[in-house]
1. Just the residues that are within 34 Å of the chain's Cα centre (by Cα) and either assigned to a helix (DSSP H, G or I) or of a type in the set (A, V, I, L, M) (or both), please, taken from the range 92-104.
2. Residue pairs, Cβ under 8 Å, 6 or more apart or interchain, first in the range 185-212 and of a type in the set (Val, Ile, Thr), second at pLDDT 90 or above and in a loop (DSSP other than H, G, I, E, B). List them.
3. Among the charged types (D, E, K, R) and under 22 Å from Ala112 (Cβ atoms): is that true of Arg187 in this structure?
4. Being among the hydrophobic types (A, V, I, L, M, F, W, C), surrounded by fewer than 16 Cβ atoms within 10 Å (Cβ to Cβ) and modelled with pLDDT of 70 or more is the filter here, so list the residues in the range 253-297 that pass it.
5. Which condition number does Ile194 fail, the rest of (1) hydrophobic (A, V, I, L, M, F, W, C); (2) in contact with a Lys or Arg (Cβ under 9 Å, 6 or more places away or on another chain); (3) closer than 30 Å to Thr244 by Cα being met?
Amino acid sequence: MSFADPALLAVGLLVAAGLAWAAAAVGRRRAAALASAGVAAAGPGPGPGRGRDRAWMGGVWFTIAGVAVLAIAVAGPAASVPVSHASGTVILAMDVSGSMAATDVAPSRLGAAKQAALSFVSAQPGTVDIGVVAFQQGGLEAALPTADRATASAAVRRLTTGGGTSLGDAILASLSAITHKTVTIGRDGSAPNIGYWPSATIVLFSDGQDEAGAASGGTGTGTGVAASAAQKAGVHVDTVGVGTTAGTTVEADGYHLFTALDETTLKSISQATGGTYHPASDASELNGIASSINLRLTVTHEPLPLAGAFIALALALLAAGAVLTVTRTGRVV
């Protein structure tokens with residue numbers, strides 16, 4: 001137990017100790033006076049004045065105890081109790097590549113992903129900071145992690161489709177948002193050491209199309225090395241597959257291109273980082289993502305104020321002292 005103002009506690013206990021010493025001295029003098037008057041000669045049983053004397057002294061001691069407890073209450077006592085809650089940082093990595101304009105999920109893949117992301121934002125506790133990263137060919141940071149839900153929601157709403165996709169660069173951009181510094185892969189292809197961030201989670205909304213990734217011959221970062229960087233930092237990547245495996249065609253630059261959900265790529269990312277893959281083939285499934293993604297709980301020790309309990313105990317002791325004094329002696333003091 002800790003105290004906000006130990007000085008007040010010391011002063012209050014000194015006052016209570018002084019009152020106790022004075023009460024003991026008065027009790028000895030009263031006992032001596034009664035003995036000299038022959039009241040104590042009646043034997044061990046209660047004499048004519050002994051009951052009232054004991055009642056008076058009992059009331060005094062209850063009052064002194066109340067003063068001591070009140071001194072503890074005034075000092076601001078608090079106990080440290082463990083409290084578990086979802087806390088940390090969540091980055092919503094949103095795929096805004098051209099394939100996300102496909103309408104195999106109504107109203108479109110991106111539209112459905114935005115609806116799910118907004119539901120996710122509103123469902124998170126205030127202890128979670130949320131950032132938004134929109135990724136096309138490379139990651140584009142849209143909003144830094146913040147507890148302000150309006151900022152995160154506005155960043156999601158203004159997303160539009162266009163460009164290619166590099167899932168690896170999206171993960172690196174999300175790690176940059178978490179660490180507040182640029183995260184890049186070493187020249188030898190090794191994952192960087194960016195510290196350990198176990199309370200951070202990346203939620204990646206994508207159809208899994210990795211046109212700009214290194215695996216498909218592009219210039220983007222490969223998903224494997226990017227996932228390794230996240231895993232090394234203790235960051236889970238939960239992936240949300242937006243679209244259908246049956247696929248559909250989408251118009252891009254005058255061409256009609258076939259696009260389908262690539263679950264294999266998204267599952268490999270989540271598995272490599274200790275996260276979970278969430279299939280979402282229609283809007284109704286996407287709306288349930290907020291409740292299906294489990295953020296890690298952290299335990300912190302928070303102060304629990306105890307002043308109220310001590311005040312209640314002090315009042316009870318003071319009231320008991322007053323009642324005992326009045327009912328047995330007919331006097332308040």
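The values are calculated or read from the model by the stated rules, or taken from the named source; none is laboratory data. This structure is a prediction, so every number in the text was calculated from the model and none was measured. A quick note on method: Cβ atoms are made from the backbone with ideal geometry, for glycine too, and the neighbour counts reach across all protein chains shown.
1. Residues of the range 92-104 within 34 Å of the chain's Cα centre (by Cα): 92-97, 100.
Leu92, Ala93, Met94, Val96, Met100, listed by residue number.
2. Within 8 Å, the pairs are Ile194/Ala233; Thr201/Val235; Ile202/Val235.
3. The answer is no for Arg187.
4. Leu257, Phe258 - these are the residues of the range 253-297 that are among the hydrophobic types (A, V, I, L, M, F, W, C), surrounded by fewer than 16 Cβ atoms within 10 Å (Cβ to Cβ) and modelled with pLDDT of 70 or more.
5. (3)
Rundown of residues vs (1) over 14 Å from Leu92 (Cα atoms); (2) assigned by TED's automatic domain parsing to the domain that holds Glu251; (3) not β-branched (Val, Ile, Thr), yes/no style:
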| position | (1), (2), (3) |
| --- | --- |
| Phe135 | no, yes, yes |
| Thr151 | no, yes, no |
| Pro198 | yes, yes, yes |
| Phe205 | no, yes, yes |
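Results for (1) closer than 22 Å to Thr264 by Cβ; (2) modelled with pLDDT under 85; (3) assigned to a helix (DSSP H, G or I); (4) touching a Leu at 6+ places or on another chain (Cβ under 6 Å), shown as yes or no for each residue.
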| position | (1), (2), (3), (4) |
| --- | --- |
| Ala154 | no, no, yes, no |
| Gly168 | yes, no, yes, no |
| Leu172 | yes, no, yes, no |
| Val183 | no, no, no, yes |
| Tyr196 | no, no, no, no |
| Phe205 | yes, no, no, no |
| Asp210 | yes, yes, no, yes |
